[in-house]
1. Taking the stated definitions as given, is residue 212 more than 23 Å from the chain's Cα centre (by Cα), surrounded by 22 or more Cβ atoms within 10 Å (Cβ to Cβ) and not in a helix (DSSP H, G or I)?
2. Considering only residues of region 75-95 that are at pLDDT 80 or above and open to solvent by less than 50 Å² (accessible area, probe 1.4 Å), which is nearest to residue 127 (Cα to Cα)?
3. Scan region 77-122 residue by residue and report those that are touching a Gly at 6+ places or on another chain (Cβ under 8 Å) and closer than 14 Å to residue 241 by Cα.
4. If I filter region 170-185 for residues that are among the hydrophobic types (A, V, I, L, M, F, W, C), surrounded by 18 or more Cβ atoms within 10 Å (Cβ to Cβ) and over 22 Å from the mean Cα position of the chain (by Cα), do I get at least one hit?
5. Residues to consider are 253, 242; find the one that is closer than 19 Å to residue 73 by Cα and in a helix (DSSP H, G or I).
6. Just one of 240, 257, 197, 206 is aliphatic (A, V, I, L, M) and crowded, with 19+ Cβ neighbours inside 10 Å; which is it?
7. Pick from 120, 124, 136, 143: which is farther than 23 Å from residue 259 by Cα, in contact (Cβ under 8 Å) with a residue 40 or more places away in the chain and not in a loop (DSSP other than H, G, I, E, B)?
8. Test each condition in (1) among the hydroxyl-bearing types (Ser, Thr, Tyr); (2) touching a Lys or Arg at 6+ places or on another chain (Cβ under 7 Å); (3) within 24 Å of residue 321 (Cα to Cα) for residue 167 and report the one that comes out false.
Amino acid sequence: MAQLGAGEPVRLRPLEPELMGALFRTPERTYLRHAMTRLRRVPRPVRGGARVLVRLWYSSPTPKTRFLLLSLCSSLTLLVLAAARGVFAGPHPAIGYAGSPHARPGEVSLALLQDPAGLVVLTVVLITPVFCCQQVIAIGDFVRMNERNMEAMGLPVERREQLDRLTRKTNIWFGRLGGRGVSAVIMLTTAVATALLYGYVNDHGLMQTWNFTGLPDDTWRSRVYAGWWANWHTHPELALDLWAAGTYAFYFLTKQLAMGVIFTVHLRRSAALGFGVTPNMEFDSDGYQGLRTLRQFMLWTYGSALSHLTGLLALFVVWLPAAPSTLFVVLAVMVVDAVVVIYPSSIGYHFALAVKQAYVRSLHDNWTLAPAELDATTAQAWSTSVLPVATRRAMTGISLYLLVPAVIALLPAVVQR
């Protein structure tokens, strides 16, 4: 908690990442009344069901609950459409021809439940806003977390004003990201990009790299696409559903990445002002030296990066033909992840390490401690990780993450053999 000299404690201005979108804010009752008024224009046969959905949406206690509700409704809609169109499961599944080099199937199906890559992509699509939601919650508590851990230290008036100005600027950027104009541009861009990506699939077929049959690659991928559950020519409603889901995911992914860049800039500048990641060395209030909020943010961020990479691999390595361009796409995504994942972790690590080192030096400058007590306190200070995640596991995960491009480069040759 910041202190104003000898006066009463004054809290610092909090970060407000929820400004980047109305869906990340808890709705007010006035929104519900406004939505119910608009439902009068809806035809009477569907008005009752629409009212139930609207009440569920606006009465949800948290944004994450609303996103989970939306994901559940989207999943059920997709399953019902797939079952109605007879593409829930089908004969001659493409994955059934693995290890059949002499097979020359005349018909191949890629139904919804027989499309592992499609299920992975859809799962990533539906959980992306949930990851984003958890990051919004953690970023919003960052300033409060440091205030709690620095309560005994206090902050000069000038430093508090500098931090408030920095936070105000950061919140302005969050607000710009959530503006109607910016949101409309992002939505339009992601809709066009998703349509272009689907058009590429429509022109080049599916699963060319995974042709284990005796058919030529062009024939194989064309037949797989002909039996695909989201084929535009035979199942246009499912194709539109997939396009809408892709637009939905890319929209929130774009906002998530932009939010990560804004927070990274804020973290770097606040660390320069002496308000970086600060563990509480005097009292471990939550099992992670007061950094449980940071732990949640890091776990959700790492999980989000891993899920996005998994979905990307399913899309560009399984659905689409593996090519040199795939490697560059994956490298581009990894560079972006490095900016919003690895670099902020590095900033937080170095600041928290400096705080620990200063604490240990202060112990050794305290001549009132007995040698045995000093050694025990110093050992206790260094017994926990600098950041509230296991360092070795994090480095192992990062190393495996960096090996992905090599795997992609070797995959076509291995499959062809």
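The values are calculated or read from the model by the stated rules, or taken from the named source; none is laboratory data. Everything numeric here is computed off the predicted structure, so don't read it as measured data. Using ideal geometry, Cβ is built from the backbone for each residue, glycine included, and neighbour counts are taken over all protein chains shown. Just so you know, the surface numbers come from the protein's heavy atoms only, side chains and all, with ligands and any DNA or RNA stripped out. Shrake-Rupley method; radii C 1.70, N 1.55, O 1.52, S 1.80 Å.
1. Numbers: more than 23 Å from the chain's Cα centre (by Cα): yes; surrounded by 22 or more Cβ atoms within 10 Å (Cβ to Cβ): no; not in a helix (DSSP H, G or I): yes.
Taking the combined requirement at face value, the residue does not satisfy it.
2. At the first step, the residues of region 75-95 found to be at pLDDT 80 or above are 75-89, 91-95.
Next, from what is left, pick out any that are open to solvent by less than 50 Å² (accessible area, probe 1.4 Å): 75, 78, 82, 87, 93-94.
On the way: 75: 11, 78: 15, 82: 21, 87: 24, 93: 27, 94: 27 Å.
Once the filter is applied, the top-ranked residue is 75.
3. Once the filter is applied, which keeps residues that are touching a Gly at 6+ places or on another chain (Cβ under 8 Å) and closer than 14 Å to residue 241 by Cα, region 77-122 yields 112, 121.
4. No, that holds for no residue.
5. Working: 253 fails: closer than 19 Å to residue 73 by Cα.
Residue meeting the stated conditions: 242.
6. Numbers: 240 fails: crowded, with 19+ Cβ neighbours inside 10 Å; 257 fails: crowded, with 19+ Cβ neighbours inside 10 Å; 197 fails: crowded, with 19+ Cβ neighbours inside 10 Å.
The match here is 206.
7. Working: 124 fails: farther than 23 Å from residue 259 by Cα; 136 fails: farther than 23 Å from residue 259 by Cα; 143 fails: farther than 23 Å from residue 259 by Cα.
The match here is 120.
8. Result: residue 167 fails condition (3) only.
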